[in-house]
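Contents: one structure, followed by commentary.
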Amino acid sequence: MACELLAACLGAGLPLAGALAAVAGAVPGPLGRRLHGVAALHRMGAPPRRAWAGQPAELGGLARVLVRAGESGAAAVPALHALAGETRAAARAQAQAAVQRAGVRVLAPLGLCFLPAFVCLGVVPLVLGIAGDVFG
């Protein structure tokens, strides 16, 4: 979401420091605080690589896009849209994997409940019937 908001702000003509500050105010939690710190460094005139130094791995893609745009002068908006799409796809894949794992985990208690009933109602009478015919 932060990438999309940042792309919208930059597309509307805000400078990078102002866009980062606006997104930092809209995004809750530690991400907002980190973006606020980067925005403050940009406002003070720090080079892009210095402003993004020391950020966690979750912000690595965003940092690379904005450092590359700041150093080369390339447009950051298309790269931010692409990064947002990649992030959504990764989150979707993680959610699908979690749903598949949950489906497997739900079957374990079901098997533990039905297996004894199957043995008691299906296997034991069959074994007793065969044993009665053989020994009877």
Once the Cα gyration tensor of the chain is diagonalised, what are the square roots of 5 times its eigenvalues, in whole Å and ordered largest first, as equivalent ellipsoid semi-axes? 62, 13, 12
Degrees between helix 2-11 axis and first principal axis of the chain (Cα, 0 to 90, nearest 10): 30 degrees
Relative contact order (percent) for the stretch 2-95, with alpha-carbon contacts under 8 angstrom and 6 or more residues of separation? 30 percent
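Every read-out reported here was derived from the displayed coordinates using simple, explicitly stated rules and does not represent laboratory data. Small disclaimer: the values here were computed from a predicted structure and weren't measured.
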